[in-house]
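Report on one structure; see the data block that follows.
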Amino acid sequence: MDAEGTHTAVQLPEGSWCDWDVVTWDGGQLRLAADHDLTYHHGLELIFSEPIFVSCPSGFRDPVFRSPSPDELLKVTRQLGEMPTNVVAFEADAGGQEPVSCLIATERLDIVQETVLRCWREDAGPDQRFARWVTSPRQ
């Protein structure tokens, strides 16, 4: 939401963010990860704190973020009983014949750009962190 209280499209930092997946989804957080290839690492995370409405697949490609439509805002507001702080809308390729429309309502959205390793590496740098499921082979 911008300063005037209108919902606007998410602005991503420059990068090749074509592959996306859900890396965390619990009661307090939905975390989407993105990169050009998610095999070994990801470089971008969208962290939705206190998600209150989620409609998106667990993995998708090439999202196009946009402002939510008035109908989408009305739908979410009716289901929740009030207008949420942030509503994120996008179209994405989920493997079907047509793009899927996605909608996420949340209390807060943070965009974090950093290298997150998805498998163990002895030579990980100080500017890299491991995904929470990665453990050292010595453990």
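In table form, for the structure just shown:
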{"quantity": "Region 50-110 - convex hull of alpha carbons, volume per residue in Å³", "calculated": "93 Å³"}
{"quantity": "Accessible area, probe 1.4 Å, largest first, for residues S49, S101", "calculated": "S101, S49"}
{"quantity": "Probe 1.4 Å - accessible area at I104, Å² to nearest ten", "calculated": "0 Å²"}
{"quantity": "Degrees between helix 70-80 axis and first principal axis of the chain (Cα, 0 to 90, nearest 10)", "calculated": "80 degrees"}
{"quantity": "Cα gyration tensor shape for region 1-82, rounded if a/c is under 1.5, else prolate or oblate", "calculated": "prolate"}
{"quantity": "Neighbourhood charge, 10 Å Cβ-Cβ cut-off, centred on C18 and excluding it, Lys, Arg +1 and Asp, Glu -1", "calculated": "-4"}
{"quantity": "The chain: most fluctuating residue of E114, E50, E122 per GNM, C-alpha cutoff 10 Å", "calculated": "E122"}
{"quantity": "Residue-averaged [θ]222 nm for the chain, counting only DSSP H segments that reach four residues, each worth -39500 (n - 2.57)", "calculated": "-2500 deg cm²/dmol"}
{"quantity": "Alpha carbon centroid spacing (whole Å) that separates region 61-80 from region 81-136", "calculated": "18 Å"}
{"quantity": "Share of carbon and sulfur in the accessible heavy-atom surface of the chain [1.4 Å probe, %]", "calculated": "48 percent"}
{"quantity": "Solvent-accessible area per residue, Å², over region 5-133 with all protein chains present [probe radius 1.4 Å]", "calculated": "54 Å²"}
{"quantity": "Those Cys residues of the chain for which no other cysteine Cβ falls under 4.7 Å", "calculated": "C18, C119"}
{"quantity": "Cut-off under 5 Å, modelled amide H: who pairs with F53 long-range", "calculated": "A105"}
{"quantity": "Of D37, D123, D62, the one that fluctuates the most in a GNM where the chain has Cα springs shorter than 10 Å", "calculated": "D123"}
{"quantity": "Mean shadow area of the chain, taken as a quarter of the surface of its Cα convex hull (nm²)", "calculated": "9.9 nm²"}
{"quantity": "For C18, distant residues with modelled amide H under 5 Å away", "calculated": "D35, H36"}
{"quantity": "Summed residue charge, Cβ within 15 Å of I52's Cβ, Lys/Arg positive, Asp/Glu negative", "calculated": "-2"}
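The values are calculated or read from the model by the stated rules, or taken from the named source; none is laboratory data. Predicted model, so just to flag it, every value in this text is computed and none were measured. All Cβ positions, even for glycine, are placed from backbone atoms using ideal geometry, and neighbour counts span all protein chains on display. The area values use the complete protein model at the heavy-atom level, side chains included, leaving out ligands, DNA and RNA. Shrake-Rupley method; radii C 1.70, N 1.55, O 1.52, S 1.80 Å.
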